[in-house]
Structures are given as C-alpha cells and as structure tokens.
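What follows is a short report on a single structure.
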Amino acid sequence: MNHVAKRAVASSATVLTWAGLLAVLAVLSGCTAGSIFSGKARSPQEAILITPRDGAKNIGPDDRMEVKVPDGRLESVEVTRIEDAQRQTVQGRIAYDGLSWTPRGKTGRLRLASEYSVDAVALDGAGHRTVRHTTFTTAVPEHRFIGYFKPENRSTVGTGMIVSFNFNRPVRNRAAVQKAISVTSVPAVEVVGHWFGDNRLDFRPAAYWAPGTEVAVRVGLRDVEGAPHVYGTQDKTVTFRVGRSQTSLVDAAAHTMEVHRDGRPVSTVPITAGYPGMDTYNGKMVVSEMYGVTRMDGRTVGFGGEYDIEDVPHALRLTDSGTFLHGNYWSDEGVFGSANVSHGCVGLLDVRGGGSDTPAGWFFDRTLIGDVIEVVNSREKQVAPDNGLGGWNLNWTRWKAGSALR
C-alpha cells in the first residue's frame with residue numbers, strides 16, 4: 001500500500017513539474033511565431049513579412065503590396081490610408097491557405113502622397129499569436145494635372161448641356177482618364193465621352209437631356225497617370241439638374257429667331273446676324289456663359305480695332321471663338337428683322353444698360369446655360385464641334401467614334 005502510494009505521489013509531482021514547465025514555455029513564447037516543438041522562435045519581422053518594408057518612402061501606386069507568413073496562417077490584415085485625420089481602408093483578401101494577403105482590384109490600389117499603416121495578426125501551428133505594425137509613405141509626384149469642367153455643381157441647366165473637361169496638361173493615356181470619369185443620370189441614359197485633342201474631353205447623351213433629369217459627374221482622377229509621370233489630383237462628385245426645354249432657331253436669311261419652350265413655339269424675335277464676309281456660323285450652339293453687361297473688343301478675336309464696346313448688354317456666349325447672342329443698342333432699330341450688320345454675332349434690340357422689357361432682356365431672362373441656339377441659312381460654314389459646346393453637330397456614330405473606350 002505504501003509502495004503504491006509513493007508511486008501515486010511521484011506521478012502527481014511529475015505532472016505538476018511538466019505543467020509548470022509548459023506554463024513557463026507558454027509565457028516565454030506566447031507572442032512569437034515559434035512553438036515549443038519548433039526550436040528557435042521567430043521574431044515578428046520573421047513571422048510576418050510585409051512589403052513594402054517598414055518605413056519605406058516614395059512607393060508608387062502600382063508597386064507590390066503584400067503580407068505573407070512562412071507557415072501558420074494570417075488571422076487578420078488591416079491596411080489603412082491616413083489623411084486629414086481620416087482613415088480609409090485598403091480592400092484586400094487573405095488567400096485560401098492563409099499564407100498571404102494581397103490588395104483587391106481597383107479599390108486596393110495605393111494613392112500617391114499618402115501615409116499608410118499595416119496591422120497584421122498571424123497564428124502559428126501551435127496557436128501562438130504574433131502581431132506586427134508597419135508604416136510606409138507613397139511618392140509625391142512632381143507633375144500633376146487637373147480638369148477644369150462645366151457645368152457648376154448644383155446648377156440648373158438647359159437640355160443641351162454638354163459636360164466638358166479641359167485639362168491643364170496634354171493627356172496621353174486617354175483611356176485611363178476617360179475611365180476615371182463617369183456621367184450618370186436619373187432617368188438613366190447612355191452617356192459617352194468624346195476627345196477633342198489631348199486636352200479636352202466632352203460627355204453627352206445621344207439626344208438632348210429630358211427636362212427634370214438629375215445628372216451626377218464622378219471625377220476620380222486622383223493618382224490616375226494621364227501621361228508618363230503626370231498624375232491627376234481630383235476626387236469629387238458634382239451634380240446638376242436639367243430644367244425646362246428651350247431651343248431657339250435663328251434664320252440668318254429671314255432675320256428672325258423662333259423660341260420654342262417644351263416643344264411649343266412661344267415667340268418669334270427679330271434679329272440681326274453677321275454681314276456678308278462676317279457671316280454667323282451655321283449649326284447648333286450651346287449657351288456656355290451669361291453676362292448682364294460685358295466688354296467686346298474686336299482685337300481679342302482677330303478683328304483689329306473695328307469695334308470696342310465696353311457695355312454690351314445681355315450677352316450669351318455661343319462659341320469659344322467669340323460668337324455671342326447679345327443685346328444691341330448702337331445699331332438703328334430698323335435693321336432688326338431686316339438686315340445683317342454684325343461681325344458674326346446674333347443681335348437683339350436693346351437699350352444702353354440693358355432693359356428687361358426689350359427683346360434682348362426678355363430672352364436673357366428666360367435663358368439657361370445649356371440652352372441650344374441653332375443658326376440656319378447663313379452663308380458661313382457649320383460651327384466646329386469643338387468650338388464652344390458644339391458637340392451636337394456630330395451625329396451619334398461620329399460622337400462615339402471619338403471615345404477612347406470604344
């Protein structure tokens with residue numbers, strides 16, 4: 001009995017000794033990737049391998065980003081961009097075998113001029129947890145590009161509005177830039193971009209917008225490489241609303257302008273257009289700017305000193321080259337509706353300073369940026385589609401042919 005008791009006591013002591021040893025080893029190895037059976041424990045740097053390395057600088061947006069473990073499995077990985085006290089998570093996924101994490105698609109692309117942190121947790125084969133925290137910064141590009149665009153955010157525009165971007169640097173990678181900009185609407189219609197050279201990209205649907213349409217322009221150009229080593233800066237969404245429908249038909253031969261509202265004629269206004277040799281462009285033109293009063297100097301559009309009028313009233317810009325529809329107080333009243341005497345603009349009767357009860361004032365007060373004014377029966381050629389917002393002079397097939405995403 002005593003012999004049996006001694007063996008029992010010895011066995012209990014042995015168990016306690018092993019339990020104590022295990023407890024000590026667990027404490028010593030609890031925050032490493034090694035196990036008590038694997039020999040030397042790994043440091044966090046050896047257990048979790050992170051690319052880019054900790055403290056790395058000038059990382060490019062397409063450089064490799066990866067978190068790996070040589071064995072065991074990754075429990076979690078969080079990569080975040082820290083900017084202006086806001087944290088944005090980089091989307092990624094852990095591989096099925098648990099040995100690696102990589103970014104996921106476009107949402108996992110690194111942004112330039114940003115600081116990133118990486119927090120990874122891994123478990124080894126014995127269930128011991130290792131954690132690692134690193135940081136790195138991405139490159140600040142020397143050259144940037146932006147797109148100046150219209151219309152303005154939250155504006156109400158006419159049904160002929162074209163969304164137009166003018167870039168401050170030539171764009172060589174047109175497809176990437178066009179893909180980064182989306183124009184969507186409610187009700188939905190197909191909207192396609194068209195390039196006019198390397199600095200301009202316009203968007204429009206196949207036909208004029210329906211009245212009441214809500215349009216959103218998503219500009220996701222930040223870190224998009226528009227040309228070698230030239231990156232975009234903009235990341236914003238702007239919206240605008242399409243108002244009532246108003247189109248006007250200028251007949252240069254008959255010296256009249258028929259104004260239609262929501263498909264119905266509302267007025268016929270006498271006008272004067274460009275005189276022979278200075279004829280007004282034919283074609284569809286879109287109101288892009290409105291001025292209650294503005295200066296018109298012929299020297300700015302290649303006419304020398306033929307005219308310089310400091311107070312032109314009720315001026316609506318139709319082309320970049322200087323075509324306006326505007327009030328005219330200096331010509332004889334008898335020319336309106338009977339003769340063409342302008343230098344290529346369309347003139348409506350007005351008074352000095354602009355009167356609200358004149359034909360020019362009446363039309364100005366009822367016009368929105370984005371309204372279409374079409375000129376017919378002039379002896380001049382058709383306006384170029386890139387002169388102002390002249391894109392409606394291209395049919396849908398030719399418009400889509402100018403897309404970089406076709």
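The values are calculated or read from the model by the stated rules, or taken from the named source; none is laboratory data. What you see is a predicted model, and the numbers here were worked out from it, not measured in a lab. Cβ: placed from backbone, ideal geometry, glycine included. Neighbour counts: every protein chain shown. Ligands, DNA and RNA are stripped out before the accessible areas are found, and what is left, the full protein with its side chains, is counted by its heavy atoms. Shrake-Rupley method; radii C 1.70, N 1.55, O 1.52, S 1.80 Å.
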Please give me the summed charge of the neighbours of Leu249: other residues whose Cβ is under 9 Å from its Cβ, Lys and Arg +1, Asp and Glu -1. -3
In segment 168-228, what percent of the accessible surface is made up of carbon and sulfur (1.4 Å probe, ligands and nucleic acids excluded)? 55 percent
Solvent-accessible area, 1.4 Å probe, carbon plus sulfur percent, for segment 233-340: 46 percent
How would Tyr231, Tyr291, Tyr329, Tyr116 line up by accessible area, probe 1.4 Å, largest first? Tyr291, Tyr329, Tyr231, Tyr116
With a ≥ b ≥ c from the Cα gyration tensor eigenvalues, square-rooted, and the rule rounded for a/c under 1.5, otherwise prolate when a/b > b/c and oblate otherwise, segment 265-390 is rounded
Taking square-rooted eigenvalues a ≥ b ≥ c of the alpha carbon gyration tensor, is segment 219-258 rounded, prolate or oblate, where a/c under 1.5 means rounded and, failing that, a/b exceeding b/c means prolate? oblate
Using a Gaussian network model of the chain with C-alpha springs under 10 Å, which one of Glu289, Glu214, Glu75 is most mobile by mean-square fluctuation? Glu75
For the chain, what is the accessible area per residue in Å² when the probe is 1.4 Å? 51 Å²
Around Met285, which amide H atoms from residues at least 5 apart in sequence, or from another chain, sit under 5 Å from its own amide H, with H modelled in the peptide plane? Ile373, Glu374, Val375
Shape call for segment 335-389, from the Cα gyration tensor axes a ≥ b ≥ c (a/c under 1.5 means rounded, otherwise prolate when a/b beats b/c, else oblate), comes out oblate
If the viscosity is 0.890 mPa s and the temperature 25 °C, what translational diffusion coefficient in µm²/s does Stokes-Einstein give for segment 121-221 when Rh comes from Kirkwood over Cα pairs? 146 µm²/s
Just from its helices, what would the mean residue ellipticity at 222 nm be for the chain, if runs of 4 or more DSSP H residues each count -39500 (n - 2.57) and the sum is divided by every residue, rounded to the nearest 500 deg cm²/dmol? -3500 deg cm²/dmol
Go through segment 269-284 residue by residue and turn each phi into a ³J(HN,Hα) via Karplus (6.51, -1.76, 1.60, θ = phi - 60°); whole Hz please, and just put x for glycine and proline. 10, x, 9, 10, 10, x, 6, x, x, 10, 5, 6, 4, 7, x, 8
For segment 365-370, take each phi angle, set θ = phi - 60°, evaluate the Karplus expression 6.51 cos²θ - 1.76 cosθ + 1.60, and give the result in whole Hz per residue in order, putting x for glycine and proline. 5, 10, 10, 10, 4, x
Of His343, His133, His326, which has the most accessible area with a 1.4 Å probe, and how do the rest follow in descending order? His133, His343, His326
Are any of the pairs Lys68/Lys236; Lys106/Lys400; Lys57/Lys400; Lys57/Lys179 more than 31 Å apart by Cα-Cα distance, and if so, which? Lys68/Lys236; Lys57/Lys400
Whenever you get a sec, line up Asp251, Asp119, Asp371 from highest to lowest accessible area (probe 1.4 Å, protein heavy atoms). Asp119, Asp251, Asp371
Angle check, please: helix 2-29 long axis (alpha carbons) against the longest principal axis of the chain (alpha carbons), in degrees 0 to 90, nearest 10. 30 degrees
In sequence order, what are the phi-derived ³J(HN,Hα) couplings for segment 127-144 according to the Karplus relation 6.51 cos²θ - 1.76 cosθ + 1.60 with θ = phi - 60°, rounded to whole Hz, with x for glycine and proline? x, 7, 9, 10, 10, 8, 10, 9, 9, 7, 10, 8, 5, 9, x, 6, 10, 10
Once the dipole of the chain is set up from charges on Cβ (+1 Lys and Arg, -1 Asp and Glu), the residue from the list Leu318, Val335, Val183 lying farthest towards its positive end is Val183
